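Let me begin by presenting the structure, written as structure tokens, before commenting on it.
The values are calculated or read from the model by the stated rules, or taken from the named source; none is laboratory data. Everything numeric here is computed off the predicted structure, so don't read it as measured data. We place every Cβ from the backbone using ideal geometry, glycine too, and count neighbours over all the protein chains shown.
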């Protein structure tokens, strides 16, 4: 399951990201409301739940909720805030938040609230993403390929390989630059190595080649990489 975490306090954001990853969530952590809106506008359905801090640079958590609901977007939202007045809770819920957690809070409570929102999300989230013969299942975090006989073969991918392939499947036939890939997959990792994109691409391509898709992801020299749908 994938969570969009929007929190500009670095220590809190880092602690939440670590805890959520320990619980096997895939986490996209951004620190700016305007950047979060770009993620939501272009691909909200990849997320199970969103966690918004109330006070954010760019756009506040309240404004993010209002924008989502103005577009009839049903993504479940958990609002984090130090505001504990009744009027503030009402404002957050009226803006479109599904739940409201007051700082400071315990991680056990946050996880319990996420599980409750996750159950709702499973009813509204498109369960799969398909590009040609490639099928990505959000419920199981698995990718499979349809063979010529109609059978589905699972491709064993690591978490990073899954995220990479998902990103390409969300943008078929588009050139994704190295910086775009870094920003999407590795932006919050302090130990990021500049060679990791090329290394991870080699590993992903090697696995795809084992299933007969050696030309699926093309290197566009000087620009980036592209998933070719005619190869699927």
_Counted residues, the range 153-181 - those being within 14 Å of residue 216 (Cα to Cα), out of contact with any helix residue (DSSP H, G or I) (no Cβ under 9 Å at 6 or more places or on another chain) and surrounded by fewer than 13 Cβ atoms within 10 Å (Cβ to Cβ)_ = 0
*Taking the range 130-152, which residues are surrounded by 15 or more Cβ atoms within 10 Å (Cβ to Cβ) and modelled with pLDDT of 80 or more?*
131, 132, 133, 134, 135, 136, 137, 142, 143, 144, 145
_Condition first: in contact with a strand residue (DSSP E or B) (Cβ under 6 Å, 6 or more places away or on another chain) and buried (at least 21 other Cβ atoms within 10 Å of the Cβ). Now tell me which residues in the range 67-89 satisfy that._
75, 76, 77, 78, 79, 80
*Is it true that some residue in the range 10-21 is under 26 Å from residue 141 (Cβ atoms), in a strand (DSSP E or B) and in contact (Cβ under 8 Å) with a residue 24 or more places away in the chain?*
no
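Answer yes or no as to whether residue 64 is surrounded by fewer than 19 Cβ atoms within 10 Å (Cβ to Cβ), under 19 Å from residue 102 (Cβ atoms) and either at pLDDT 85 or above or touching a strand residue (DSSP E or B) at 6+ places or on another chain (Cβ under 6 Å) (or both). Write out each step before concluding.
On the way: surrounded by fewer than 19 Cβ atoms within 10 Å (Cβ to Cβ): no; under 19 Å from residue 102 (Cβ atoms): yes; either at pLDDT 85 or above or touching a strand residue (DSSP E or B) at 6+ places or on another chain (Cβ under 6 Å) (or both): yes.
So residue 64 fails the test.
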_the range 186-209, residues that are modelled with pLDDT of 80 or more, outside any loop (DSSP other than H, G, I, E, B) and over 25 Å from residue 153 (Cα atoms)_ = 196, 197, 198
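Test residue 75 against the criterion of being part of a loop (DSSP other than H, G, I, E, B), in contact (Cβ under 8 Å) with a residue 12 or more places away in the chain and more than 24 Å from residue 119 (Cα to Cα), and give yes or no.
Against the criterion (part of a loop (DSSP other than H, G, I, E, B), in contact (Cβ under 8 Å) with a residue 12 or more places away in the chain and more than 24 Å from residue 119 (Cα to Cα)), residue 75 does not qualify.
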*asked:* Being over 12 Å from residue 49 (Cα atoms) and either assigned to a loop (DSSP other than H, G, I, E, B) or touching a residue at least 24 places away in the same chain (Cβ under 8 Å) (or both) is the filter here; which residues of the range 90-109 pass it?
replied: 91, 92, 95, 96, 103, 104, 105, 106, 107
*For residue 109, which of the numbered conditions (1) under 28 Å from residue 166 (Cα atoms); (2) modelled with pLDDT of 90 or more fails to hold?*
(1)
*asked:* Let me confirm something: among 23, 17, which residue is modelled with pLDDT under 90, under 20 Å from residue 159 (Cβ atoms) and within 19 Å of the chain's Cα centre (by Cα)?
replied: 23
*Filter result (surrounded by fewer than 17 Cβ atoms within 10 Å (Cβ to Cβ) and outside any helix (DSSP H, G or I)) within the range 35-57*: 55, 57
